[in-house]
1. Can you tell me how the range 78-129 classifies by the Cα gyration tensor, rounded, prolate or oblate, using a/c under 1.5 as the rounded cut?
2. Can you show me the helix-derived [θ] at 222 nm for the chain, built from DSSP H runs with n ≥ 4 at -39,500 (n - 2.57) apiece and divided by the number of residues, rounded to the nearest 500.
3. What does the charge add up to near Asn104, with Lys and Arg as +1, Asp and Glu as -1, over the other residues with Cβ less than 12 Å from its Cβ?
4. Can you tell which of Leu362, Val216, Thr256 lies farthest toward the positive end of the dipole of the chain, using +1 and -1 charges on the Cβ of basic and acidic side chains (Lys, Arg; Asp, Glu)?
5. Taking just the alpha-carbon atoms of the range 71-217, what radius of gyration and Dmax come out, in angstrom?
6. Take the chain, mark every one of the trypsin sites (Lys or Arg not before Pro) that falls in a DSSP loop and has at most 14 other Cβ within 10 Å, then report the longest stretch left between them, sites excluded.
7. Relative contact order for the range 164-245: what is it in percent, counting Cα pairs under 8 Å that are at least 6 residues apart?
8. Would you please give the residues with an amide H less than 5 Å from that of Gly199, counting only those at least 5 places away or on a separate chain, with H modeled from the backbone geometry?
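The values are calculated or read from the model by the stated rules, or taken from the named source; none is laboratory data. This structure is a prediction, so every number in the text was calculated from the model and none was measured. Because the Cβ atoms are built from the backbone with ideal geometry, glycine has one as well, and the counts that use them run over all protein chains shown. These accessible areas exclude ligands, DNA and RNA; they are computed on the full protein's heavy atoms, side chains included. Shrake-Rupley method; radii C 1.70, N 1.55, O 1.52, S 1.80 Å.
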Amino acid sequence: MFKRIFWMSLATLAVSSQPAMASNFVSTVLQTGLQSPRGMTFGPDGQLYITEAGSGGNGVCVPSPSAPGETLCYGASSAIARLNVQTNTLERITTGLPSLALANGGDATGVQDLSFDANGNLYGVIGFASNPANRDSVVGVNDFAHLIKVDLSNPIQWSLVTDIASYELNNNPDGGDIVSNPFSVAVQGNTIYATDGGGNVLYTIAEDGTISTVTVIPQRDVFNPIPGLPNPFPMQAVPTGIAVGSDQAVYVAQYTGFPFPPGGANIYRYDQGVLDVYATGFTNIVDIAFAPDNSLYVLEYATNVLGGDLSGNLWQINPNGTKRKVYSQSLLTPTGLAISPNGNIYIANQGYVAGEGEIIELQSVPEKQSPLGLLLVTSACVLIFKTKGKSNNS
């Protein structure tokens, strides 16, 4: 009886539906072989600027914060690349930036993100993911955990603007462990915003390099599935991507710390001294970006880190607040997101696998679906239901 009702309801839908419009994405892998791509941004010249965190090197090593028993070793292998998306030609315009990585070149930390100001100046952040004291006393490379400025008239030249790690060391805004890992940067007017995923804080940095705490992204207690550890567990926020909306508010994404609960990542909205939760229900957000229609796109690094599912997902939050998953095929540990002025979406994929980074382009293609098409889909659904088949969608 249930099967009959199920079939009738689908049949009714197919007969009564009018032609509908559905949004699909056509994906193209533009580039492969990148060394740990991270954040990206479009420049005033219409080209895509990409950070590569590099592959470390044979220099001094420090303990890895995420791989117990492993070490991250220094090398000047991080870079900034420029991709002409019309001709699909890639050029590394700035090389020799500092990088830390595992012996196999994976899990790298280097240049993490980029952003242009209104005058066409390019700023970036270099990560670290360790106690700032280790930077000077162990690694001996002061450039880590800085805001930098890149001179595009002579791209080999870049300069240090602000020592974010020293600010964390001297102020420790969240009152927790002293760790600094600058992750994302965005410019609004003459103000530079930066997140520190280690310090759990959103900073502002003036053009003269003066740094100030805007707000601490709060810690939350969450369910812990691991026996022998506190439950609930005090989960750190780990802020990642930043986007400035057309409302001039600053939106901050959350990766979440251990135990990385699926659905436990928020997006926060900061405006005139007030930090609010803008959207919930995401997992391990690594980047966010606004589209020309004011939709906010949300890139998830993984579906379930503790469960070993490192497949990523792309979500869209419409201006009215509704959200939907729009793309997941072929995404594996994606790390960066950018949207062009014409609405094409670019994703840095496989960003933590040494030498296997990709840049994927997504173009939205409206598809007109007729009642006949719906009827065919209905027939397929009935067949799947009757045969008790099961499909998995990544």
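1. oblate
2. It comes out at -3000 deg cm²/dmol, rounded to the nearest 500.
3. With Lys, Arg at +1 and Asp, Glu at -1, the net is -3.
4. So the residue we want is Leu362.
5. 15.1, 49
6. The reported range is 1-387.
7. 26 percent
8. Distant-sequence amide H within range of Gly199: Asn181.
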